[in-house]
Amino acid sequence: MKLEDFLKTKGTNENLAQLIMLFSKQATDIKAGFLSAQGAADTKNVYGETQMALDKRADEILIAALKESKLVSWIATEEQPDIIEVKDAVNPFGVTIDPLDGSSLIDVNLSVGTIVGIYPGHVLELGNTMLGALYILYGPLTTLTYTTGSGVHEFVMGEDGNFTLMQENLTIPEGKIYAPGALRKDYLPYHKQFIEQLESEGYKLRFSGSFVADVHQILHKGGMFSYPAFEGKENGKLRLLFEGTPLGKLVTEAGGAVSNGNINLLDVKPVAVSDRTPIYIGGRKEIALIESIKRS
Ligand code: AFP
């Protein structure tokens, strides 16, 4: 079944369905740049990182499509310093976008993705208030995985650019994969204990450098991804709004969990779009384990 029909069958709010379709339609354009736009652009983003040309291109494509459609009132992207307000928008929605997560992997042809969080209004709100979230993964297949709060559903892009249902109501299985970010020499004691416990239980290492690809794997195979607080960086590396909450919403809807080590990440109120956070995401068992180790 095509994405558009599936959204209708599920009784998805029409405005929300239109927005999900709009993101799905940008995937072809974003992918078209993969051949031509490799290499670093000469500008830096709000975090001072050099942008890859493709990040910029994906950012421009998504912002232009959203502005033209007027489907959202607020747009926050990882590449923009300020939240964009869309005048005369037809919906009060806000969106957070990581246009191309894992961009350092583009030049070695590994999977990268677009991550989107959808809010009923302004985006500086708790993740728990999100109306939905989605990601588009550009791998051997291009897939779109979304939730609007009633299941997590996955679609695959065909040659015509349309997405067709691959799996309905995805649930995260039990599994023994761990994707541990940060350098081991910088681990804080509670995190070291957590990782060592997983290793003693036979968890296998899978860390690609693309959060969205690693979480996608864990969604399908179980286990957990972490990018913790570490020596000198108490907020870790990943972004709360662009990476943590949208994928946290999806994994939670699939029966998993997300935490900053202390509490559910979806209960954390953002202060600024550039907020970073420690993150633990994956199976409930693993997330409960880190929270209990940290508490003790
Ligand atoms: P980019 O989108 O700038 O490539 O960042 C990727 C990322 O935010 C996340 O997708 C990875 O899990 C993480 O950084 C990798 O970080 P390290 O390079 O420190 O392992």
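Read the figures in this text as sums done on the coordinates, not as results from a lab. All values derive from a computational prediction rather than experimental measurement. A quick note on method: Cβ atoms are made from the backbone with ideal geometry, for glycine too, and the neighbour counts reach across all protein chains shown.
Just check region 136-227 against the gyration tensor rule for me: Cα atoms, a ≥ b ≥ c as the square roots of the eigenvalues, rounded for a/c under 1.5, and otherwise prolate or oblate depending on whether a/b exceeds b/c. Don't jump to the answer; show the numbers that get you there.
Values: a/c = 2.89, a/b = 2.15, b/c = 1.34.
It comes out prolate by the Cα gyration axes.
Set the Förster distance to 30 Å, then compute FRET efficiency between K285 and S104 from the Cβ-Cβ distance, nearest 0.05. List each step's numbers first, then the result.
On the way: r = 31 Å, r/R0 = 1.02.
FRET efficiency, K285 to S104: 0.45.
Using C-alpha positions alone, give me the convex hull volume of region 177-295 per residue in cubic angstrom.
On the way: hull volume 11.3 nm³, N = 119.
Spelled out: Cα convex hull of region 177-295, divided by residues, is 95 Å³.
Do you know the relative contact order of the chain, to the nearest whole percent, from alpha carbon pairs under 8 angstrom that are 6+ apart? Don't skip to the end; give the middle numbers.
Details: 666 pairs, mean separation 46.0, N = 296.
About 16 percent, as a whole number.
For the chain, modelled as a GNM with alpha-carbon contacts under 10 angstrom, which of D214, D88, D59 fluctuates the most?
Residue with maximal mean-square fluctuation among D214, D88, D59: D88.
According to a simple spin-label model (label point 7 Å from Cα along Cα-to-Cβ), what is the distance in nm between L141 and N235?
Each label point is offset 7 Å from its Cα along the Cβ direction, giving 3.7 nm.
First check a/c for region 3-167, with a ≥ b ≥ c the square roots of the eigenvalues of its C-alpha gyration tensor; if it is under 1.5, answer rounded, and if not, answer prolate when a/b is larger than b/c or oblate otherwise. List each step's numbers first, then the result.
Working: a/c = 1.84, a/b = 1.17, b/c = 1.57.
In terms of gyration-tensor shape, oblate.
Taking 30 Å as the cut-off for C-alpha to C-alpha distance, list the pairs among K31/K233; K31/K176; K237/K285; K10/K70; K87/K233 that go past it. Mind dumping the intermediate values first?
On the way: K31/K233 34 Å; K31/K176 32 Å; K237/K285 23 Å; K10/K70 24 Å; K87/K233 38 Å.
Checking Cα-Cα distances, K31/K233; K31/K176; K87/K233 exceed 30 Å.
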